[in-house]
Amino acid sequence: MTVAFAFLAGMTLVSALGVVLSRSVVHSALFMSGSFLGISGFFVMLNAPALAAFQVLIYVGAVTVVILFGIMFTQRPQVRRYRTIINRQFWAGFLVAAGVGAFLAYVLSAEDWGGTKPGNGPRQVAAFGRDLLGVSQGAEVFTLLFEVASVLLLVAVVAAIVVSRRKMGQGIDRGVRE
Amino acid sequence: MAVSGQAFIALLPELISTGFLIVVLLVGAFGESNAGVAAGLAALGSLAVFVSAAVLLATGFSGSFFGGGYVVDPFALYFKLIVAGSAFFAVLAAARWSGRTGDAPEYLTLILSVVLGASLLVSMRDLFGIFLSIELATIPSYAMVAFDRSRRESAEGGMKYLITGVIASSVLLYGIVLIYGVSGSAQLSDVANTFTGNLTPVALLGLGLMVSGFAFKVSAAPFHFWTPDAYQGAPTSAAAFLSVAPKAATFAVLLRILLEGMPGAAPTWTAVMAFLAIITMFVGNLFALRQRNVRRMLAYSSVAHSGYILAAFAALQGGGAAFAVQAVLIYTAAYAVMNMGAFLVIDLVGEDAKNYNGLVRTNPAAAASMGLFMAALVGIPPLSGFFGKLWIIIAGAQSGSILVYIVVGALVVNTVLSVPYYFGIIRNMILEEPTSETGGSKGNGAVRFSVYVLAILTTFFGLLIIPLSALVKASGLL
């Protein structure tokens, strides 16, 4: 258990550092999928295998691919400049991050977590679906959350499209330009 | 059957706004020149939400649904009325302008999705539901701020709002997760068992992070930095709407979390609120004093008004608690009418202080409305702002705590501090000579109609106060 935890924690942390430190955006995106993979390992250890499966499918698979597509379509010279801004504020950022990290680690370790046990999440996708659709007892609120999340995604897509449309115009620039 | 028929009645305002949201979005897909149709449908939609909430309120419908995660009570319905009402005026104000951008259906869809998120938000009793609905109200607002592609500040404001907003959301989520971790449940009634007088460090950290996240959403200092840039860049209707509706809903849900989820920890969070209130009032008013741009001035003024409402939160203790809840409800309604009106006048006149020179001679109606809104924002009786402040002062006086007396003192000092910049506009309108820069011919009938209706509501708010306070007393949160 401890060995597995150390391995997963190391993988998550090293990949996360890779995301921040690597010079190429594509490498950052690939490192990020490694970090997501480590987190899905944590879900397995916490007795939530269905969640781990979704983490792999959605984050490691879909999100990374979408990010790579995004990079492919928008690759511009200013990507380099964005790096130098980060480097100029390196030490200030580093100190803040380290301070926050140390503080959180201290507070979290000071708490007595004895009463908290790892969850026993549904193991089958069917059971997960029943939870999500509110059929099972005691999980009715998830129905509402599930539906709200779907509207949220729709609205987010509309918002993203509205903002990213290029040309300002008088109602004639329907559709994609460029 | 997991979802009962009653639950559908309870969700009526949300179902109506979802329906209209989709229809308005589809209008855009079926034609180029349907801006008028989309605006009409969106206005009808927000009216329908208003009416459905009013009917639920009138029939005394209440109850708890979805395993206790979603609740309909007069308190929630009251805020749904405020949200839907302000959405109606925002749609009217946006109708012509959004038609010119060519993306009217999309813009109106965003307004309706803020309505949906905000009205879900005030009914949620589940921490994760609260997070989801607050995001549903915030994500479209980023796009609304950045919507005006003819002005650079709009994109800049939207970008600043987006980046700081996403950080605030993650801080809020981290706080919620820690609270969930400590109490083992996301339901507010279960959280209440853990959050008693003795808070563990993690519980305290969770509370602190959550309050910081909320403080950002209501633009309380020191988390207010996005406010002036976002409101200056945003289209006027967006600034007017976003400074009112999501803010009212966020205050409502914060009140619900604190009163239902953490009543035992009240001494801790009232102290935090007192601290936030004092800083927010001073920061808002002192920065507003230096602005020459009316939009920016109103943005800082909205920061100051968040501080006044937080002062009511600080008074949620001792004998003043019931009055403090009423104060929050009355202040948000009063603030909604006067602040929306003031923002919409910008659409008629202009955003530079010079545009208001001699306005009383060139456009007396707009000048009179603006004068009323400014006087109401100061809190001159018998205009709307006066009643909000009166209630907060009464609540503070009854709380019996030295800290709250200090907060109330700060509120009085700040009211005096705010006089110069609000009355500066009135002085410009009356004493200066009209110049070529004087505005007043802009805008269209719908904007003018909204401004006049809001001015009338601001003026006669005192007549509403009796039915309103009866409603507020029945709100059932305390």
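The values are calculated or read from the model by the stated rules, or taken from the named source; none is laboratory data. Keep in mind that this is a model prediction, so the values were computed, not measured. Glycine also receives a Cβ, built like all others from the backbone with ideal geometry; neighbour counts cover every protein chain displayed. Ligands, DNA and RNA are excluded from the accessible area calculation, which covers all protein heavy atoms including side chains. Shrake-Rupley method; radii C 1.70, N 1.55, O 1.52, S 1.80 Å.
Below are the figures for this structure:
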item	result
Matching option when the condition is among the charged types (D, E, K, R) and in a helix (DSSP H, G or I), among B:148, B:190	B:190
Within segment B:397-409, tally of residues that are more than 22 Å from the chain's Cα centre (by Cα), surrounded by 14 or more Cβ atoms within 10 Å (Cβ to Cβ) and outside any loop (DSSP other than H, G, I, E, B)	7
Criterion violated by residue B:265 - all others in (1) open to solvent by 10 Å² or more (accessible area, probe 1.4 Å); (2) within 24 Å of residue B:318 (Cβ to Cβ); (3) of a type in the set (Gly, Ala, Ser) satisfied	(1)
Meets criteria (within 14 Å of another protein chain (Cβ to nearest Cβ), among the hydroxyl-bearing types (Ser, Thr, Tyr), outside any helix (DSSP H, G or I) and open to solvent by 10 Å² or more (accessible area, probe 1.4 Å)) for residue B:185	yes
Residue within segment B:328-349 that is out of contact with any Phe, Trp or Tyr (no Cβ under 8 Å at 6 or more places or on another chain), polar (S, T, N, Q) and over 11 Å from residue B:458 (Cβ atoms) present	no
Leading residue by the ranking (farthest from the other protein chains (Cβ to nearest Cβ)) among those in segment B:144-162 that are surrounded by 24 or more Cβ atoms within 10 Å (Cβ to Cβ) and within 19 Å of residue B:250 (Cα to Cα)	B:161
Segment B:218-246, residues that are part of a helix (DSSP H, G or I) and surrounded by fewer than 24 Cβ atoms within 10 Å (Cβ to Cβ)	B:226, B:229, B:232, B:236
Count - residues of segment B:356-399 that are free of Cβ contacts under 8 Å to residues at least 60 places away in the same chain and over 23 Å from residue B:315 (Cα atoms)	5
Hey, residue B:309 open to solvent by 10 Å² or more (accessible area, probe 1.4 Å) and touching a helix residue (DSSP H, G or I) at 6+ places or on another chain (Cβ under 6 Å) or not	no
Out of B:127, B:120, sole residue that is touching a residue at least 24 places away in the same chain (Cβ under 8 Å), more than 10 Å from chain A (Cβ to nearest Cβ), open to solvent by less than 10 Å² (accessible area, probe 1.4 Å) and not basic (Lys, Arg)	B:127
Of all residues making up segment B:188-202, the number that are open to solvent by 60 Å² or more (accessible area, probe 1.4 Å) and at the interface with another protein chain (Cβ under 10 Å from one of its Cβ atoms)	1
Criterion: surrounded by 15 or more Cβ atoms within 10 Å (Cβ to Cβ), of a type outside the set (Asp, Glu) and within 18 Å of residue B:330 (Cβ to Cβ) - qualifying residue of B:459, B:438	B:459
Of all residues making up segment B:359-387, the number that are open to solvent by less than 20 Å² (accessible area, probe 1.4 Å) and aliphatic (A, V, I, L, M)	10
Single condition residue B:427 does not satisfy, out of (1) modelled with pLDDT under 90; (2) open to solvent by 20 Å² or more (accessible area, probe 1.4 Å); (3) more than 30 Å from residue B:316 (Cβ to Cβ)	(1)
Looking only at segment B:89-111, and only at residues there that are at the interface with chain A (Cβ under 9 Å from one of its Cβ atoms) and not β-branched (Val, Ile, Thr), the one that is surrounded by the fewest Cβ atoms within 10 Å (Cβ to Cβ)	B:100
Subset tally (residues that are assigned to a loop (DSSP other than H, G, I, E, B), away from chain A (no Cβ under 14 Å) and either within 23 Å of residue B:255 (Cα to Cα) or open to solvent by less than 20 Å² (accessible area, probe 1.4 Å) (or both)) for segment B:34-76	4
Among the residues listed as B:322, B:312, B:336, B:304, the single one being within 22 Å of residue B:449 (Cα to Cα) and part of a helix (DSSP H, G or I)	B:336
Residue in segment B:365-377 that is part of a loop (DSSP other than H, G, I, E, B), out of contact with any Asp or Glu (no Cβ under 9 Å at 6 or more places or on another chain) and of a type outside the set (Phe, Trp, Tyr) present	no
Qualifying residues in segment B:440-478 (those that are more than 27 Å from residue B:256 (Cβ to Cβ) and touching a Lys or Arg at 6+ places or on another chain (Cβ under 9 Å)) - the one modelled with the lowest pLDDT	B:443
Residue B:211, sole failed condition from (1) within 12 Å of chain A (Cβ to nearest Cβ); (2) part of a helix (DSSP H, G or I); (3) aliphatic (A, V, I, L, M)	(1)
Unique match (being modelled with pLDDT under 85 and open to solvent by 40 Å² or more (accessible area, probe 1.4 Å)) among A:176, A:157, A:96	A:176
Long-range neighbours under 6 Å by Cβ, at least six apart or interchain, first residue part of a loop (DSSP other than H, G, I, E, B) within segment A:17-46, second surrounded by 15 or more Cβ atoms within 10 Å (Cβ to Cβ)	A:22/A:28
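Each row is one residue, and each column tells you yes or no for (1) modelled with pLDDT of 85 or more; (2) open to solvent by 50 Å² or more (accessible area, probe 1.4 Å).
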| residue | (1), (2) |
| --- | --- |
| A:69 | no, yes |
| A:84 | no, yes |
| A:87 | no, yes |
| A:92 | yes, yes |
| A:113 | no, yes |
| A:118 | no, yes |
| A:140 | no, no |
| A:153 | yes, yes |
| A:163 | no, yes |
